[in-house]
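Engineer: Have a look at this one before I ask anything.
Since every read-out is calculated from the coordinates, none of them should be taken as a lab result. Quantities reported herein were computed from a predicted structural model and do not represent experimental measurements. FYI the Cβ positions are ideal-geometry reconstructions off the backbone, even for glycines, and counts take in every protein chain you see.
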Amino acid sequence: ETGVTQSPTHLIKTRGQQVTLRCSSQSGHNTVSWYQQALGQGPQFIFQYYREEENGRGNFPPRFSGLQFPNYSSELNVNALELDDSALYLCASSLRDGGDEQFFGPGTRLTVL
Amino acid sequence: EDQVTQSPEALRLQEGESSSLNCSYTVSGLRGLFWYRQDPGKGPEFLFTLYSAGEEKEKERLKATLTKKESFLHITAPKPEDSATYLCAVRGASYGKLTFGQGTILTVHP
């Protein structure tokens with residue numbers, strides 16, 4: 001069974017740039033959620049994708065957007081990067097009709113300079 | 001709005017010294033309380049799900065319990081490898097959204 005994978009591991013961008021982060025869900029899972037984790041804080045929910053559609057969104061501006069593909073992998077796009085966007089971005093996969101547990105990937109560390 | 005508060009923020013134990021971590025929550029229609037372990041620079045690792053007051057789950061040296069307002073993670077005879085940040089999260093009416101606490105940093109000294 002393959003776990004959740006994310007790429008890249010680390011990323012450095014400058015303010016105003018755009019970034020795309022990628023996630024492959026765990027084998028058999030059809031739902032992907034994205035979280036932002038600032039240093040010393042718990043993860044904060046950005047949004048969730050199910051069947052290629054956004055299925056719930058947290059308190060994040062529209063410059064945070066996402067996609068889910070037919071193979072259930074997902075992308076998180078952030079436009080017009082700000083310094084406060086520096087964080088660990090976590091992807092979690094789950095099986096919508098099979099339980100509530102979300103399994104997390106290793107994360108992508110984004111630094112905005 | 002769902003809220004989760006964890007205490008203490010940090011806990012230092014000697015190897016073998018049992019203790020408990022607390023997670024207080026307010027949620028509209030609890031649909032699950034989750035415990036995760038997170039090592040530095042890594043993603044959270046799933047530990048337990050609890051659904052109703054009175055429920056208990058165990059895994060090795062860890063035991064999670066749930067009441068209507070809080071959950072406890074009991075650590076019995078901890079070892080240095082139990083050192084990590086322990087995160088508590090709740091799922092309420094909003095499907096899929098987990099609301100996390102800020103975590104408890106546990107350090108176990110040999």
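Engineer: HN-Hα J couplings of the range A:7-12 from phi, Karplus 6.51/-1.76/1.60, θ = phi - 60°, integer Hz, Gly and Pro as x?
Structural biologist: With coefficients 6.51, -1.76 and 1.60, one gets 8, x, 6, 9, 8, 10 Hz.
Engineer: In terms of Cα to Cα distance under 16 Å, which aspartates and glutamates are near enough to residue A:13, apart from those fewer than 8 places away along the same chain?
Structural biologist: Hits, sequence-local ones excluded: A:82, A:84, A:85.
Engineer: Report, in listed order, any pair from B:59/B:79; B:42/B:68; B:42/B:79 with a Cα-Cα distance greater than 24 Å.
Structural biologist: Values: B:59/B:79 14 Å; B:42/B:68 31 Å; B:42/B:79 20 Å.
Flagged as over cut-off: B:42/B:68.
Engineer: Looking only at chain B, where both bridge partners belong to it, what percent of the DSSP beta bridges are antiparallel (to the nearest 5)? All intermediate terms of the calculation are to be shown ahead of the outcome.
Structural biologist: Values: 37 of 42 bridges.
In chain B, approximately 90 percent of DSSP beta bridges are antiparallel ones.
Engineer: Starting from the 7 Å offset along Cα-to-Cβ, what nm value, one decimal, do you get for the label separation of residue B:67 and residue A:60?
Structural biologist: That separation, rounded to one decimal, is 3.5 nm.
Engineer: For the range A:64-113 and the range B:44-96, write down the distance between their C-alpha centroids in whole Å.
Structural biologist: Spelled out, the Cα-based centre of one part sits 24 Å from the other.
Engineer: Still on this structure, I have one more. With +1 on the Cβ of every Lys and Arg and -1 on the Cβ of every Asp and Glu, and nothing else charged, how large is the dipole of the range A:14-113 about its Cα centre, in debye rounded to the nearest 20? Show your work: numbers first, answer last.
Structural biologist: Numbers: 7 positive and 10 negative charges, 45 e Å.
So the dipole magnitude of the range A:14-113 works out to roughly 220 debye.
Engineer: Continuing with the same structure: Counting Lys +1, Arg +1, Asp -1, Glu -1, what net charge surrounds residue B:94 among other residues with beta carbon under 12 Å of its beta carbon? Working shown, then result.
Structural biologist: Numbers: positive: A:57, B:31, B:91, B:97; negative: B:1, B:2.
Neighbourhood net charge equals +2.
Engineer: Could you list A:21, A:90, B:11 so that the one with the fewest beta carbons within 10 Å of its beta carbon is first and the one with the most is last?
Structural biologist: Details: A:21 21, A:90 28, B:11 17.
Arranged by neighbour count, lowest to highest, A:21, A:90, B:11 become B:11, A:21, A:90.
Engineer: Here's another thing I want to ask about it. Along Cα→Cβ, 7 Å out, is where each label goes; now give me the distance between the ones at residue A:11 and residue A:67 in nm to one decimal.
Structural biologist: Result: 1.3 nm between the two label points.
Engineer: Using Cα-Cα distances under 8 Å and only pairs 6 or more residues apart, what relative contact order does chain A have, in percent?
Structural biologist: Details: 295 pairs, mean separation 41.0, N = 113.
Normalised by residue count, the contact order of chain A is 36 percent.
Engineer: Using modelled backbone amide H atoms (1.01 Å from N, in-plane), which distant-in-sequence or interchain residues come within less than 5 Å of residue B:83's amide H?
Structural biologist: Close amide H contacts, sequence-distant or interchain: B:108.
Engineer: Suppose R0 equals 30 Å. What FRET efficiency, 1/(1 + (r/R0)^6) with r the Cβ-Cβ distance, do residue B:15 and residue A:41 give to the nearest 0.05? If you can, show how the numbers build up before the last one.
Structural biologist: Values: r = 29 Å, r/R0 = 0.95.
So, using R0 = 30 Å, E works out to roughly 0.55.
Engineer: While we're here: What is the Å³ per residue value for the convex hull set by the Cα atoms of chain B? Numbers along the way, then the final one.
Structural biologist: On the way: hull volume 9.8 nm³, N = 110.
It comes to 89 Å³ per residue, whole-number rounded.
Engineer: Taking Cα pairs under 8 Å and at least six residues apart, what relative contact order does chain B come out at, in percent? It would help to have the intermediate numbers written out before the result.
Structural biologist: Details: 284 pairs, mean separation 41.3, N = 110.
Relative contact order here is 38 percent.
Engineer: Rounded to whole Hz and in sequence order, give me ³J(HN,Hα) for the range A:101-113 from the Karplus expression 6.51 cos²θ - 1.76 cosθ + 1.60, θ = phi - 60°, writing x for Gly and Pro.
Structural biologist: Values per residue, Gly and Pro as x: 5, 10, 10, 9, x, x, x, 10, 8, 9, 10, 10, 9 Hz.
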